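Participant: Structure incoming, see below.
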Amino acid sequence: MATIDGDKMDIESKASDILADQKLLELNAESKSTENEDEEKCSDLVELMEKSEESTDEERIPILSSVLLEPENRFGPTVSSIKESAIYALARAFCGTGKYKEVVSLLTGSTCAAFFANVTKAKCAKVVRAVLDAVCSLAPTEVDMQADICRNIITWCRTEKRTFLRQRVEAKLASVLFEKREYTSALSLIDSLLTELKKLDDKQLLVETH
């Protein structure tokens, strides 16, 4: 009788293991299916990005804008990565065609609004700083444009309460103002920023600002 009970327990245990394995296989299959669906859902955006790479800067602008303003408003991990690349490419295209007014409004206008509303603050800060650095590198003599884009971002940061990002962009603006020989404005901004940073004990930016 004990042997029968023991065999029964073994059979039940094996059956439970088989069911668990089947469940795991089903979950893996569902995961792969979801990944495939995600890839399929953004295949149109991938095609647009590939098309933009074969185009001139002028032709690239509407293509990249359409990626960022796509009507389905998708923001999965893959799509967000594609749109991040589109922002960088669009900034380069604007600089390449001398459309500096568009550069100034790129990050704070409607083109990137949905992207910034759907990504983390850390990702937002990364993208903004990367675009700002790229623009200053691509158009080193356009200091008026650099100052304008910094001011636009600072205003946006105040509205969105993005203190960390605002402080970094203010430090960049001070640097640009020095290049413009607007020393009084630059020093005033630095003094204000240093006072704020000392209260927050932001040692890294304090060193950078000094």
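Participant: Filter segment 103-154 for residues that are open to solvent by 40 Å² or more (accessible area, probe 1.4 Å), more than 15 Å from E179 (Cβ to Cβ) and in a loop (DSSP other than H, G, I, E, B) and give the result.
Facilitator: The answer is T108, T120.
Participant: Is there a residue being open to solvent by 40 Å² or more (accessible area, probe 1.4 Å), closer than 20 Å to I153 by Cα and assigned to a loop (DSSP other than H, G, I, E, B) anywhere in segment 54-64?
Facilitator: no
Participant: Of all residues in segment 119-131, which are within 19 Å of L69 (Cα to Cα) and either in contact (Cβ under 8 Å) with a residue 60 or more places away in the chain or touching a helix residue (DSSP H, G or I) at 6+ places or on another chain (Cβ under 7 Å) (or both)?
Facilitator: Within segment 119-131, V119, C124, V127, V128, V131 qualify.
Matching residues to (1) surrounded by fewer than 17 Cβ atoms within 10 Å (Cβ to Cβ); (2) free of Cβ contacts under 8 Å to residues at least 40 places away in the same chain:
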{"position": "W156", "(1), (2)": "no, no"}
{"position": "L165", "(1), (2)": "no, no"}
{"position": "R168", "(1), (2)": "no, no"}
{"position": "L173", "(1), (2)": "no, yes"}
{"position": "Y183", "(1), (2)": "yes, yes"}
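The values are calculated or read from the model by the stated rules, or taken from the named source; none is laboratory data. Worth saying up front: this structure is predicted, and the values here are computed from it rather than measured. For neighbour counting, all protein chains shown are included, and Cβ atoms are generated from backbone atoms with ideal geometry for every residue, glycine included. Please note that ligands, DNA and RNA were not included when accessible areas were found on the heavy atoms of the full protein model with its side chains. Shrake-Rupley method; radii C 1.70, N 1.55, O 1.52, S 1.80 Å.
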